[in-house]
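Trainee: I'd like to ask you about the structure that follows.
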Amino acid sequence: MQKQSSGEELLATRNMDLHILDHRLRVTSISKNGLVNFTHPLIKLIFLRNRTRCKFFSLTETPENYTVVLDEEGFKELQPSEHLQVESAIWLPLNVVSNGSASSSSQAVGVTKIAKSVIAPLAQQHVSVFMLSTYQTDFILVKEKDLSVVVSTLEEEFNIYKEEGGESVPVHCQDVSNGLHKNGREAIQPTVHPVLIPKNQFCVMSLDPDTLPSIATTLIDVLFYSSSPKEDPQPSPSQDCVKFFSFSLIDGYISLVMDTEAQRQFPADLLFTSSSGELWRMVRIGGQPLGFDECGIVAQISQPLADSDISAYYISTFSFDHALVPEEDIVSVTDMLQHQRNEPATS
């Protein structure tokens, strides 16, 4: 793939709009042994769209827990429990869209295409992000309290709009400023987190919402009954495969990320993927739970991928982050991350 020159990159960015979507989100975690307390509301949120006003719902299973990201209407369905952890901040999803110019099909996709224009500048301004890539698009979640810094950081590069009641309203720094401005502090050298590269092959897929009832029993089985209670919740570095399954229903669009073993349980004619039928490998980031305040974690992974024009999907969860890269690129990505970890820290 040909890389863009800096001039072409700037032109490409200027042709992009940044939308602050009309959702206020909560990031939560349900413990594995507490899942039984939440199957009723989760089934309602997944399968009974007409019974809830939730418009943004994402459920991701990892070895440690289930991460549930959902809007305020969906959050009302989850009862307080010792098995439910709720991150304190309200998060706003940002979405980058082309404003009419067709993007080149040869360009890298996923988080790679927004790494330099959105993720890196926000990291430099000490704004922590929570990423949620789907089959359809990439959502960059930022804390509501950081919105003025986000707008002031990105408004030179993007036309920024805020969705309000179905309308897109232009937003400028002064519209959201609470006296805040760009963060002038020195850049902090980010922690380089350990990574684990499991052997699973993953698929990024979608589904027509009308056919969701057809796979209901399979989806319930995979989501709620596939884990043995004796399963080790902490994957070891030598572990071959890692449990990971993600289901999102956002503004009427469904996205699924699963490994090929899970995929075999679903009817092949209902799930669809890109024409290339690409398989993906995972880079799991973090040795200890990452928390929600550290900045630059996503940039640290997405920047070198962008420099090498390697496509990537990126899914943050309550404890760890996960980047999916094309299977044919996993060796070069592994070498790249190894090199990054061996470089001496610069001030």
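Trainee: Rg/Rh for the stretch 16-175 to two decimals, with Rh computed the Kirkwood way over all alpha-carbon pairs. If you can, show how the numbers build up before the last one.
Mentor: Details: Rg = 16.9 Å, Rh = 17.1 Å.
The Rg/Rh ratio comes out at 0.99.
Trainee: Just to be sure I understand the model, the point goes 7 Å from the Cα along the line to the Cβ. What's the resulting residue 126 to residue 144 distance in nm?
Mentor: My value for the distance between the label points is 2.3 nm.
Trainee: With a 1.4 Å probe and all protein chains left in place, how much of the accessible area of the stretch 281-347 comes from carbon and sulfur atoms, in whole percent?
Mentor: 50 percent
Trainee: So how much slack lies between residue 269 and residue 85, counting 0.36 nm per residue of separation and subtracting their Cα-Cα distance, in nm? The partial results should precede the final answer.
Mentor: Values: separation 184, 0.36 × 184 = 66.24 nm, distance 3.71 nm.
Full extension from residue 269 to residue 85 adds 62.5 nm.
Trainee: Here's a follow-up. Considering only protein heavy atoms, what per residue accessible area in square angstrom results for the stretch 16-175 with a 1.4 angstrom probe? Could you put the intermediate results ahead of the total?
Mentor: Values: 6630 Å² over 160 residues.
Value returned for the stretch 16-175: 41 Å² of accessible area per residue.
Trainee: Right, something else. If I model a spin label as a point 7 Å beyond the Cα along the Cα-Cβ vector, how far apart are those points for residue 342 and residue 163 in nm?
Mentor: Placing both labels 7 Å along Cα→Cβ, they lie 4.5 nm apart.
Trainee: Could you give the length gained by full extension between residue 39 and residue 308, i.e. 0.36 nm per residue of separation minus their alpha carbon distance, to one decimal place?
Mentor: Gain on stretching residue 39 to residue 308: 92.6 nm.
Trainee: A further question follows. Leaving out ligands, DNA and RNA, what percent of the accessible area of the stretch 16-175 is carbon and sulfur, probe 1.4 Å? Present the calculation step by step, with values, prior to reporting the outcome.
Mentor: Values: 3080 of 6630 Å².
That fraction is 46 percent.
The values are calculated or read from the model by the stated rules, or taken from the named source; none is laboratory data. In this text, all values refer to a predicted model and were calculated from it rather than measured experimentally. Virtual Cβ from ideal backbone geometry, glycine too; neighbours counted across all protein chains shown. The protein model used for the area step is the full one, side chains on, heavy atoms only, and it has no ligands, DNA or RNA in it. Shrake-Rupley method; radii C 1.70, N 1.55, O 1.52, S 1.80 Å.
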